[in-house]
Amino acid sequence: MNKQRTIGLLAVIALLGSLGSACSKGDEKAVKGRNGPNGAAHDTVSDLSLNEDGLGQIQIGMNLEDAVNMGLLNENPTMNPRCEFVYPAVGAGIPEGVSAMVVRGKIARIDVDTGTVTTEDGAKIGDTEDRIKSIYGNDVTVEPHKLIDGGHYMTVLGDSASAGNALVFETEGQHVARFRAGRLPEVKWVAGCS
């Protein structure tokens, strides 16, 4: 009798296991992010750094639809088609504080407002203006901030390989409060989509 119960129990477990596996087979295509079939291929967030051309697999100029299908960004179904910000998909391996400006369906810039993301040269939120100048030297242009008294925009234009793109650091006068990368003119827009 014990042997029959054990065999019956094993049969039920096997049946439940096969049902569970059959139910999840169609879900594989719906999974987006690091674990999805087309998801971001980042083992850690440490390999993500911002440059004039993008952040990891999120590249300036790429179609939003491609970034969504790769599991990198979320689609905003109510977004303004002219210009809107979108955010990283859950599980994409992209740190908090990152958003992407989408203009007419293409990624125009990537903003970093908080967190641990750095530029590929090591610049980050909290750095002093002097540190930004020491990193970028004569390549940085400093202009007065339009919304913060005493603040600055510190702009680094892309090199020949990324011409038409730039990095922009915003300061309150002493330290970097946020920064972004993207194409001109959008990367220099002051109040989001304007």
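Throughout, read-outs are computed from the coordinates displayed, never taken from laboratory work. This one's a predicted model, so the numbers in the text were calculated from it and none came from an experiment. Heads up, the Cβs are rebuilt from the backbone with ideal geometry, glycines too, and the neighbour counts pull from every protein chain shown.
Please list, ordered by chain and number, the residues whose modelled amide H lies under 5 Å from the amide H of VAL102; skip anything fewer than 5 residues away on the same chain.
Result for VAL102 returns GLU84, PHE85, VAL86, ALA108.
Apply the Karplus curve 6.51 cos²θ - 1.76 cosθ + 1.60, θ = phi - 60°, to the phi angles in the stretch 49-56 and return the couplings in whole Hz, x for Gly and Pro.
In residue order, the calculated couplings are 9, 8, 9, 4, 9, x, 10, x Hz.
Under a 5 Å amide H to amide H cut-off, with H placed in plane at 1.01 Å, what residues pair with GLY54 once short-range neighbours are removed?
Residues meeting the amide H criterion: ILE60.
Taking amide H positions as placed 1.01 Å from N in the peptide plane, with prolines and chain starts having none, which residues 5 or more places from ALA92, or on another chain, fall under 5 Å of its amide H?
Amide H neighbours of ALA92, under 5 Å, 5+ apart: ARG34.
Short version: ³J(HN,Hα) in whole Hz for each residue of the stretch 112-118, in order, from phi by Karplus 6.51 cos²θ - 1.76 cosθ + 1.60 (θ = phi - 60°), x for Gly and Pro, what are they?
10, 9, 8, x, 10, 5, 10
In whole Hz and in residue order, list the ³J(HN,Hα) couplings for the stretch 132-143 that follow from phi through the Karplus curve 6.51 cos²θ - 1.76 cosθ + 1.60, θ = phi - 60°; x for Gly and Pro.
3J(HN,Hα) across the stretch 132-143, in whole Hz: 4, 5, 6, 6, 9, x, 6, 7, 9, 10, 10, 10.
Using r as the Cβ-Cβ distance of ASP139 and GLN59, and R0 as 35 Å, what FRET efficiency do you calculate, to the nearest 0.05?
Details: r = 21 Å, r/R0 = 0.61.
The pair ASP139/GLN59 has a calculated efficiency of 0.95.
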